[in-house]
Amino acid sequence: MRNPQRTEKIAFFFLFLATLVIALPVGLVVIIIISKGLPAINWQFLSDIPRQGMRSGGIFPAIMGTVYLVTGAIIFALPIGLLAAVYLSEYAKDNLLTRVIKLAIVNLAGVPSVVYGLFGLALFVVFFKFGASILSGSLTLGIMILPIIITASREALESVPYSFREVSYSLGASKWQTIRHIVLPNAIPGILTGTILGLGRAAGETAPILFTVAAFYLPQLPKSIFDQAMALPYHLYVISTQVPNVDEKIRYATALVLLVLVLCMNLVAILIRYQFRKRKKW
Amino acid sequence: MDEVVKMKAENVNFFYGKTQALKDISLDIHAHSVTAIIGPSGCGKSTFIRLLNRMNDLIPHTQLIGRVYLDCQDVFSHAADPVELRRRVGMVFQKPNPFPKSIFENIAYGLHVNNIKDKDFVETRVIESLKKAALWEEVRHRLHESALKLSGGQQQRLCIARCLAVSPEVILFDEPCASLDPISTAKIEELILELKKEYTIVIVTHNMQQAARVADYTAFFLLGELIEFNKTQELFTAPKDKKTEAYITGRFG
């Protein structure tokens, strides 16, 4: 005879163990990076340009480069992603074309980031002759986060109760009025959450910016969207592998700044979602 | 009683995919009267009233054979605009469903989407609608609070006010009291009797007593067919069809 209580205990043990295995690396990453990087963080590190072949000074141009790139990516990806999501969830008929488009979006999310880098190089840098520039990098990152934004926006739009749309129609509103005044306002928190998660992804990726924008070393800030820029993930890669004798503290401090930036974005997303849940009463 | 026919269904058949939900229904809806539609669940009552304001258009893979008229105009003709129709034929749903907006905004919404921008006019109309829906006294000091804070019965009267604000000619009630307590139900019924002076009313209800209390005419639906349609009093006191008699005496359904 099997003892159900013992089976239960064994199951519980393995389930708990698996959960612990997930939590452990996350905690370790945070602890190691903070303990090794925090001592090097000061105002000069955050506000100065890199000096002495990036072995001292700060990472200001890389921080600003990442801010520019992320901003550019969102300016490009949010409107397109949102419009596409509205079309797909509100207007598209369930036919072959729609299914192909939905499949394409899912696949786009699964493409390795280095492939986006090569694609950006071929299309924006070479074909459109934007050169290695903030424009090329932003567009490449924008395409990379499109599927995230579209998927999150579709989920947000589709979670708006059908009864709201029904009432809106019953009052003589057209389809577009219903979307504009009822569906979109109620979907905004979900859309924002998805967008910020996309931002975090764009801020952290190295491969897509490798060939399209990232500068090895630039002592000044970019002057236009056609300039190259430094960026945090690439800078981290450079000082970790390409420049000899960089103090470990500086490497970890750079990683910490990047991590905090991305975590902050995720935190904002969580806060928005929390506010939204609190308000949502249907 | 006014005998003008406001809406008319003529040999209406309706299909969800291959399933036939309504079978050859012909029914006159008289102006300034209350027409109740009764019948067991799944008999096509809701499907039928949702044809009257073309809400079924929103469901894919449906098909209608037959005609529906509003003031002698075919509402399903190519020239007819469903958006225009829904302004004239309003609807109150089973579950109170205010928008997550303020009380004021809920009622002004229908005016807003109909391009009525004049602030004074909108305000007057909002107040007027709240008064007609017997909600004004309860909410006059908190028009700008969220409509979701109201009780279920108040929310349903708000939904009625929202519907009245666009000045419909016909109001369709789809089991409006299904989720309300007896006191709220009584208020809604009282309101319906008041509203029929100005509007033509069609009400779907599970509750036969409710039909007997509020309706001038009653239609009994069974399995997608119209079994009997008559003045309420006659239908309840002297049903012509055995199935009607069985239903109203509580032998099934």
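Checked against (1) within 25 Å of the chain's Cα centre (by Cα); (2) touching a residue at least 24 places away in the same chain (Cβ under 8 Å), A:I49 passes all but a single condition, namely (1). From the set of residues in segment A:90-110 that are away from chain B (no Cβ under 14 Å) and of a type in the set (K, R), which is nearest to B:P60 (Cα to Cα)? Ranking the candidates gives A:R99 first. In the set A:V126, A:V183, A:V160, A:V114, only one residue is part of a loop (DSSP other than H, G, I, E, B) and either surrounded by 21 or more Cβ atoms within 10 Å (Cβ to Cβ) or modelled with pLDDT of 90 or more (or both); that residue is A:V160.
Does A:I225 satisfy the criteria of being under 13 Å from the mean Cα position of the chain (by Cα) and hydrophobic (A, V, I, L, M, F, W, C)? In short, no.
One residue alone among B:M91, B:M55 is within 17 Å of the chain's Cα centre (by Cα), within 12 Å of another protein chain (Cβ to nearest Cβ), aliphatic (A, V, I, L, M) and more than 14 Å from B:V202 (Cα to Cα), and that residue is B:M55. Note on segment B:5-33: residues that are touching a residue at least 12 places away in the same chain (Cβ under 8 Å) and either within 14 Å of chain A (Cβ to nearest Cβ) or farther than 20 Å from B:T200 by Cα (or both) amount to 12. How about segment A:165-177: which of its residues are without any contact (Cβ under 8 Å) to a residue 60 or more places away in the chain, surrounded by fewer than 21 Cβ atoms within 10 Å (Cβ to Cβ) and part of a helix (DSSP H, G or I)? If the condition is that a residue be without any contact (Cβ under 8 Å) to a residue 60 or more places away in the chain, surrounded by fewer than 21 Cβ atoms within 10 Å (Cβ to Cβ) and part of a helix (DSSP H, G or I), then A:R165, A:E166, A:W176, A:Q177 are the ones that fit.
Screening A:R201 on (1) among the basic types (K, R); (2) within 13 Å of chain B (Cβ to nearest Cβ); (3) under 16 Å from the mean Cα position of the chain (by Cα) shows it passes everything except condition (2).
Of all residues in segment B:34-52, those being within 14 Å of another protein chain (Cβ to nearest Cβ) and among the aliphatic types (A, V, I, L, M) number 3. For B:I171, the test of being within 14 Å of chain A (Cβ to nearest Cβ) and in contact with a Phe, Trp or Tyr (Cβ under 9 Å, 6 or more places away or on another chain) is passed.
When segment B:197-215 is filtered for residues that are part of a loop (DSSP other than H, G, I, E, B) and under 21 Å from B:L51 (Cα atoms), the ones remaining, listed by number, are B:Y199, B:T205, B:H206, B:A215. Here is the figure for segment B:102-134: residues that are within 21 Å of A:I179 (Cα to Cα), charged (D, E, K, R) and at pLDDT 90 or above total 1.
Candidates are the residues of segment B:130-168 that are hydroxyl-bearing (S, T, Y) and in a loop (DSSP other than H, G, I, E, B); the one that is nearest to the other protein chains (Cβ to nearest Cβ) is B:S167. Looking at this structure, is A:L135 under 17 Å from A:T71 (Cβ atoms) and of a type in the set (A, V, I, L, M)? Here the answer is yes, as A:L135 does meet what is asked. If the condition is being without any contact (Cβ under 8 Å) to a residue 40 or more places away in the chain, β-branched (V, I, T) and in a loop (DSSP other than H, G, I, E, B), then segment B:34-88 contributes only B:V75. Taking the criterion of being at the interface with chain A (Cβ under 9 Å from one of its Cβ atoms) and either surrounded by fewer than 19 Cβ atoms within 10 Å (Cβ to Cβ) or part of a loop (DSSP other than H, G, I, E, B) (or both), the residues of segment B:95-115 that qualify are B:K95, B:N97, B:P98, B:F99, B:P100, B:K101, B:H112, B:N114.
Residue count for segment A:42-82, restricted to those that are touching a strand residue (DSSP E or B) at 6+ places or on another chain (Cβ under 9 Å) and small (G, A, S): 5.
The values are calculated or read from the model by the stated rules, or taken from the named source; none is laboratory data. Keep in mind it's a predicted model, so treat the numbers as computed, not measured. In this analysis, Cβ positions are derived from the backbone assuming ideal geometry, glycine residues included, and neighbour counts consider all displayed protein chains.
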